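The values are calculated or read from the model by the stated rules, or taken from the named source; none is laboratory data. In this text the structure is predicted, and so the values were computed from the model without any measurement. Glycine gets a Cβ as well: all are built from the backbone with ideal geometry, and neighbour counts include every protein chain shown.
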Amino acid sequence: MNNPWDKIDVPVSDVHARRVDPKHSEDFFWARDHSGGYLFIFRSKPKQKMPDRYPALTGIAVDSTPEPGSGRHRLILFLRERSDWELFLALCQDLVAATKVDGITEAAVPSVILRRLTRWRDFLSTERVGLLSEQEIKGLIGELIFLSTHLADHQGIGSAVKSWEGPNDSPQDFCVGNTAIEVKCQLGTTTSRIAISSEQQLFSQLPFSYLYVVTLGKTEHTPEALNLLDMVAEIRERVSIEAPDMLEYFNDLVYETGYRDDERYRNFSYLLVGQKMYEIEGEFPRLRPDSIPCGVERVRYNLDLSVCEPFIGTPDWVNLDV
């Protein structure tokens, strides 16, 4: 992840600025002021009505100033601590991407910016500003593998993103038509057991349910290895090309997991060792909500996958040989 502010000289006064994307229809700029601070600037067009107020962002100052005689406004974001530049970069890139989607009118751009800044305010106000735990990293990698490798090829990347329910705290990670899919991830060096976090996780109201289990092996960072930073970037790029109207929603889902772009995620790289799928039906080993005594809550248990072999099966649109 390159720091775009490093390429801008510190001015003696005022600011030095560099356009973010010459092909973008809107005017976004990386900028530095005389103190060397990192700024991100949006210059509105004369007919764009800018909001009167903006959300307060943790660690980022927000200022909106009219340009005399031009009919334009400057929206300026200033990063208070330069050491947080990676998070600031992710926010800025999100604003650029969200306003580059096909179909967004010029008049709608200010409201898109306001909505994204509000979303970032909510994200930054939480305590989830560090890295995810390794368990959370593996779990998210498993869900992204299923989304991008199986579901997107079946129904397109836009519909695949729309089917992703895990970040919304739904009992199952994906709901695809009449089918629910729960995704689990394990390391190849561990025993063949997975943790089930509730009695609802393997019990869906939909007619068909499946358990998808990914096995990963730890490795060094290589072009072939899987890591969250590259996986999220690749899916973002695919969504922006094939279903640009879903890019904002995908970013919302990713941020809801507690993830943010951070180069340190490359230190958690894995190889896809194996994948299996089980149809949850009949006597599949699980705890059912209707069999748990009244008053027993927050059930968690481990599932031994070796006893699930008789239930191996997939929907007809899943190919585990890919």
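Numbers below:
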read-out	value
Criterion: assigned by TED's automatic domain parsing to the domain that holds S269 and at pLDDT below 90 - qualifying residue of Q155, Q200	Q200
Of residues in segment 73-125 being surrounded by fewer than 16 Cβ atoms within 10 Å (Cβ to Cβ) and not in a helix (DSSP H, G or I), the one nearest to the chain's Cα centre (by Cα)	S125
Filter pass, W120 being touching a strand residue (DSSP E or B) at 6+ places or on another chain (Cβ under 7 Å) and outside the structural domain of L226 (by TED's automatic domain parsing)	yes
Neighbours by Cβ (under 8 Å, 6+ apart or cross-chain): first from segment 303-321, without any contact (Cβ under 8 Å) to a residue 60 or more places away in the chain and within 11 Å of Y278 (Cα to Cα); second surrounded by fewer than 13 Cβ atoms within 10 Å (Cβ to Cβ) and among the charged types (D, E, K, R)	F311/E281
Count of residues meeting criterion [exposed (fewer than 14 other Cβ atoms within 10 Å of the Cβ) and either in contact (Cβ under 8 Å) with a residue 12 or more places away in the chain or of a type in the set (D, E) (or both)] in segment 286-300	7
Search result, residues across segment 126-147 that are under 19 Å from A90 (Cβ atoms) and not in a helix (DSSP H, G or I)	T126, E127, R128, V129, G130, L131, L132
Selection within segment 148-200 - farther than 15 Å from F250 by Cα and assigned to a helix (DSSP H, G or I)	T149, H150, D153, H154, Q155
